[in-house]
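Before any comments, here is the structure.
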Amino acid sequence: MFGVWAPGERVANLVFYGLYALQHRGQESAGMAVADGRGMLVYKDMGLVSQVFDETTLQTLQGHLAIGHTRYSTTGSSRWENAQPAFKANAAGGGLALAHNGNLTNTARLVDRLGLRAPSHAPASSDTEVVAELLARESDRSLEAAIVRTMPLLEGAYSLVLMDDRTVYGVRDPNGFRPLVIGKLPGGWVIASETAALDIVGASFVREVDPGEVVAIDERGLRSRRFAEPDPHLCVFEYVYLARADSNLAGRSVHQIRRELGAALAREAPVAADLVIPVPDTATSAAGGFAEASGIPFGEGLMKNRYVGRTFIQPSQTMRQLGIRVKLNPLRETIRGKRLVVVDDSIVRGNTTKAIVGMLREAGALEVHVRITSPPVRWPCFYGIDMPTRAELIASDLLTDEVGAYIGADSLAYLSLEAMTSTAQTGGKGLCTACFTGGYPIPVDTRAQGKALLEDAPPDDDALPGADRVLPKLGS
């Protein structure tokens, strides 16, 4: 997400470049809303940022405040109707536009509250639409007041950037699951999902939006209100995978943390090898840390097609599998006859890693040792990352050696939970590790969310750090 308030600037172009810097966070659709104090125009479509917007389109989006969004679907299918920003007319005759990063856990109850399942209404397809409708019904006088009244009704993960005709707002849930930062332009302000988006438009970092805080930006400058007490649980997977390496989260460099994760992994799971290679791009920093700590040379063994998106966040398994070989190609002369350490950030379903190991063996690798800079992913995510049901998570019911055999590696090792959290966590700031431990900071109705969990085994018993227990497979 990206928002800007900057009179005299071409705000649509600023949003375009901000979203371009955030393209890694979603590749299914993109959109923006622009206002000039009298009215608002929303433009969105399916595709990458560069496919949705061109210079002609940007020229038509005139105003001094704007918000934008690039999406991958967690709640709500991948179709035009769910592209963001969502737009709603309010009771006072104006409009509001809303962009959302995260996932609500009480959407069904909110839908019932709004009466959206009545015969005259189709069921809401995304939680973003539900939030926009809630705000529109409350904002007969002030959108700011409506935000403060509405946010306590929401449960789950929500970082929001929204606007009316005159003001841009940023909101972060009390747990702060997803990042949201504030930047300063010479003549205005910026709100973005990551600091890397500030850099690309020349904005200086001011601070993060605090958990439980709403900030407003207009001709009066920046102001803030709190709607809930903070209980920080920043998603640790932001450090491991999702955020750009050149961003900062909670005051720490993502690149440096990934290097430290790789170094910790080298100490925990040493192996005799000739070359350390990353699975580009998210594991590149970690592989450098592993190589430095182990003394094994670092090299590139997989060449990435830079024009292919992230396979992890493609919306279907077929697209993910096709994307793997299109995206990565082995450097045969580099890896032939070598014992390789392949560093990656995570194993979710196992298909990508299996394909990579197979490609490296076909290219002549003598041995392939896989090292993962996070613990086994055993539990679904309900807070904005599309971790699937437990039936699809390969580590949910397989021991580490069994996962290693499935992917075809000579050895497999994960980083321990203790090493991951101690590396990423500083200053007492909390982390969400639910996908690794099953300890959800906010209770979830798993049946309503469509991600059934194991009911006869408490999360704390079967996801202890370092424990390898066989868990029953759920689903068909």
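The values are calculated or read from the model by the stated rules, or taken from the named source; none is laboratory data. These numbers were taken from a predicted model, which means no experiment stands behind them. Note: ideal-geometry Cβ built from the backbone for every residue, glycine included; neighbour counts use all protein chains shown. What goes into the accessible areas is simple: the full protein's heavy atoms, side chains included, and nothing from ligands, DNA or RNA. Shrake-Rupley method; radii C 1.70, N 1.55, O 1.52, S 1.80 Å.
Excluding ligands, DNA and RNA, the accessible surface per residue across region 240-296 is 34 Å² with a 1.4 Å probe. Rolling a 1.4 Å probe over the protein heavy atoms gives region 337-439 an accessible area of 29 Å² per residue. Taken about its Cα centre, region 1-57 carries a charge dipole of about 160 debye when Lys and Arg each add +1 at the Cβ and Asp and Glu each add -1 at the Cβ.
Straight-line cross-link reach from K88 at under 20 Å between alpha-carbon atoms covers these aspartates and glutamates, not counting any fewer than eight positions away in the same chain: D36, D45, D112, D127, E129, E133, E138, D140, E144, D164, D165. Each peptide in 18-25, 84-91 was scored by the mean count of other Cβ atoms within 10 Å over its residues; highest first, the order is 18-25, 84-91. Entry note, region 156-306: relative contact order of 17 percent, from Cα contacts under 8 Å with a spacing of 6+ residues. Near the amide H of F298, within less than 5 Å, lie the amide hydrogens of V276, all on another chain or at least 5 residues away, with H placed in the peptide plane. With the charge dipole of region 372-413 set up from +1 on Lys and Arg Cβ and -1 on Asp and Glu Cβ about the Cα centre, the Cα lying farthest toward the positive end among the listed residues I372, S411, T389 is that of T389. Taking only protein heavy atoms and a 1.4 Å probe, the accessible area of region 212-287 is 48% carbon and sulfur. Binning the alpha carbon pair distances of region 318-415 at 5 angstrom intervals from zero yields the distribution 2, 13, 22, 24, 19, 12, 5, 2, 0, expressed in whole percent.
Dividing the Cα radius of gyration of region 334-390 by 2.2 N^0.38 Å, with N the residue count, gives 1.36. Amide hydrogen proximity for D165: with H placed 1.01 Å from N in the peptide plane, the residues at 5 or more positions away or on another chain lying under 5 Å are G95. Compared with the direct C-alpha span, the chain from L366 to A91 gains 92.2 nm at full extension, assuming 0.36 nm per residue. The label-point distance for D45 and S422, in a model that sets each label 7 Å from Cα toward Cβ, rounds to 5.2 nm. Subtracting the Cα-Cα distance of S411 and A272 from their residue separation scaled by 0.36 nm leaves 48.9 nm.
Label sites at F227 and Q23, each approximated as a point 7 angstrom past Cα along Cα to Cβ, lie 3.3 nm apart. All other residues whose Cβ lies under 14 angstrom from that of S247 are scored, Lys and Arg at +1 and Asp and Glu at -1, for a net of -1. Under 14 Å from a label point set 7 Å out along the Cα-to-Cβ vector of R336, the amide N atoms of region 356-376 belong to 361-366. Diffusion coefficient of region 161-278 by Stokes-Einstein, Kirkwood radius over Cα pairs, 10 °C, 1.306 mPa s: 99 µm²/s.
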